[in-house]
1. Go over the candidates GLY305, GLY275, GLY327 one by one and state the one that is buried (at least 20 other Cβ atoms within 10 Å of the Cβ), in the same structural domain as ARG234 (by TED's automatic domain parsing) and not acidic (Asp, Glu).
2. Counting only residues that are of a type in the set (Asp, Glu), surrounded by fewer than 22 Cβ atoms within 10 Å (Cβ to Cβ) and either in contact with an Asp or Glu (Cβ under 7 Å, 6 or more places away or on another chain) or in a loop (DSSP other than H, G, I, E, B) (or both), how many does region 171-195 have?
3. Taking the condition of being in contact (Cβ under 8 Å) with a residue 40 or more places away in the chain, hydroxyl-bearing (Ser, Thr, Tyr) and buried (at least 17 other Cβ atoms within 10 Å of the Cβ), how many residues in region 231-265 meet it?
4. Go through (1) farther than 21 Å from ARG78 by Cβ; (2) touching a helix residue (DSSP H, G or I) at 6+ places or on another chain (Cβ under 8 Å) one by one and return the number of the condition ALA155 breaks.
5. Taking the conditions exactly as written (crowded, with 24+ Cβ neighbours inside 10 Å and of a type in the set (A, V, I, L, M, F, W, C)), does LEU391 satisfy them or not?
6. Can you confirm whether ASP118 is in contact with a helix residue (DSSP H, G or I) (Cβ under 9 Å, 6 or more places away or on another chain), modelled with pLDDT under 90 and over 25 Å from ARG686 (Cα atoms)?
7. For a quick check of your reading of the model, give me the residue pairs whose first member lies in region 509-521 and is within 17 Å of LEU623 (Cβ to Cβ), whose second is aromatic (Phe, Trp, Tyr) and buried (at least 19 other Cβ atoms within 10 Å of the Cβ), with beta-carbon atoms closer than 9 Å and at least 6 apart or on different chains.
8. Restrict the check to region 601-608 and report whether at least one residue is in the same structural domain as MET383 (by TED's automatic domain parsing) and over 24 Å from SER523 (Cα atoms).
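The values are calculated or read from the model by the stated rules, or taken from the named source; none is laboratory data. Only a predicted model underlies this, so the values are computations on that prediction, with no experimental measurement involved. Heads up, the Cβs are rebuilt from the backbone with ideal geometry, glycines too, and the neighbour counts pull from every protein chain shown.
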Amino acid sequence: MMRATASSGTVFVVLGETMPGPQHLQSIAKSHRIEHRPTLDLGPAICADDEASRRHEWLLTNGRGGYACGSIAGVLDRRYHAVLAAAVEPPDTRSVIVAKLDERLRAFWTRGRTRLTDRDPEDDPAFEDLTLSSDVWREGGLTGFGHRHLIRCRANDGTVEHQWLCGRTRISRRLVMPHGHDATIAEYRVEATDRPIRLAVKIVGGNRLADLLAPGASWAASTLEHDETTLRLRLPETEHGGSEIDVAVRIAGGSIAPGGDWYRGYHLDTETRRGYDDLDDHLLLGEATAELAEGDVLRIELAAGGDAGFDFRDRDPFAEEATRHRGLVELARAALHVEPPPVHETLVAAADRFVVNRPTADGEGKSIIAGYPWFADWGRDTMISIPGICLATGRAEIAREILTTFAGFVDCGMIPNRFPGLGRPPEYNTADAALLFIEAVGRTWVASGDEDASTADAFLRSLLPAIDEILDAHRAGTRHGIRIDPADGLLDQGETGLQLTWMDARIDGTVVTPRAGKAVELSALLHSAWRWRARFAAAFGEDGTAFTTAADQVQDSFDRFWLPDHGYLADVVDGPHGLDGSLRPNQLFATGCVHPPVTGDRAASVLETCDRVLRIPTGLRTLDPADARYQPRYEGDQATRDAAYHMGTSWPWLLGPFVRTHLRVHRDPDALHHVLSGIVDESSRRVLGGIAEVHSGDDPHRAGGCLSQAWSVGELLAALRLLIDHRRGVASDAFA
């Protein structure tokens, strides 16, 4: 019998870790009196509600690209829901290995007996059989209703905890993913009971790519090892993208029996609403059982791939992850020099989820996953996220490693738009990522210099060849028509059928938001890149006159974007159809990057217009609602959603350049409280401690897209850091 005991404080060491190690984080945490608050805590009003418990979700990640996520109710509602989705090709190719845990509780309802085995519970009417799980089936709809016993769900210290109350029996389940491992640990604890109970947990899984469903699957797992507490299986290669992989289930406090049955006809309601196929089948991998009294614990360890041979039973992954989490929180606090608002801890925890290792030609580097549960690491998203995810949290060394990693992929003066996974080469279909790279290098150089000037300068020197390759290629011309126009210094781009800016949706090969020509944010970023290059030259005692001259030309040419009758900047000039005067938030790059080409009265006018027309509580709309093309809702099938993606849908990350512009114009951080309050509230609505990718442009501004998006979290963290710095009178170009 495994009893609940105080944490042993075991330290979890991941070989090859380049971030501050767990021992360092533990010492930081112990050297400060840290008040621990749950990241998010939901009660029975949401947990026990049939609809709300399915619409609220939780998310854990493992630093490899693997994840676990699910609905609060435990209903499989998305193809991505999984207790263990392993990074089979880290960090961007993921397979669902364990989809869910189905719990069933048998309790003896007459006091006096001390063991379940006094009589056979199957024949004893004094026993009640209760399910703690819920499912939705193709035929039969919602069943189980275990969530109606759910009284609490909370995220704290890198774990997610559920609590159920059945009569006088209260049982909890905590989940954690050990950092750096394709593994999930589930710990069930009997918090209170006045009778003996038997807990049975079905481990329901499969072997498919996270993007694919597997209706009709019929393969069988091979048993490699089985005893009372260990079950090791080999799952075969499957037609739904699963590669041959070993899976281990290890038990402490109970026993494990092999499965083999298929459960068919799971209906995934969110997939239906998103216009996708919506039926899935899963295999019973095994069933764990335990006889428990008050204070007893059943622990189930699930591991896949190379981690299937790793036994966690002699360590405490919950304490190890809590130590790591608390150290990260305190590291971020120390970087602020003041006590942060309560949401800060939530955002720091959310930020850490996106940092992953990425294989490189020289070994292993770092990157940022754009969003969970389905995105890979995208160049554009990574560069925009770095200031908040890394610099604002006191992890400049991670930022340096990420940028060094991407510098190794520079090709023809471009960095990858994304890494598509499955061994395929990077895609270079982006006109902004390379310029955002230079912006991120500059911010990281400044932040690193605040800590150690020699480290900052060594980092910058190592990346100057990549920066110069980018600028030279843009001047000479590179892929997809990307080139600096020598006549005005602005950046031109465009190729039929390609979407090269961040507004990149396509429907059946047709670009939804065509922006070929000289897009406003691209020339703004080019201007900032030239200014940065002049600063880099000055830092090393070199002549930067040519870079300053290039920047001046871009700044002078920005008059071409100004629309005096409207008081804002055009979205594109010199496009296939001339000037595009659509009111969009892209112009905030011209006022909100480190070296803005638009300042003064024009910047104030841009801010006022965007604030009045585009800003909503959770971000900025991508198009003026008065525009006939405006799409008020982000919902429906993929074509309908793509048509709205950048045609009215709001994006939280755009609050970053908005806040930076606001502070430049008004220099009043207190005036921004109302601007950020809506998105701060959002961090406790849809997913435990995350911020969604997008929201509908019109009320009620429902969240959509990825459960939690890196640049949504990153730009809010960077904005909070900037506001705090302004109040302290120490504004830095790392965040300005």
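1. So the residue among GLY305, GLY275, GLY327 that is buried (at least 20 other Cβ atoms within 10 Å of the Cβ), in the same structural domain as ARG234 (by TED's automatic domain parsing) and not acidic (Asp, Glu) is GLY305.
2. Result for region 171-195: 1.
3. Total meeting the criteria: 1.
4. The number of the failed condition is (1).
5. For LEU391, the condition - crowded, with 24+ Cβ neighbours inside 10 Å and of a type in the set (A, V, I, L, M, F, W, C) - is met.
6. Criteria not met by ASP118.
7. Pairs found: VAL512/TYR645; THR513/TYR645; VAL520/PHE558; VAL520/PHE561; VAL520/PHE589; GLU521/TRP502; GLU521/PHE589.
8. no
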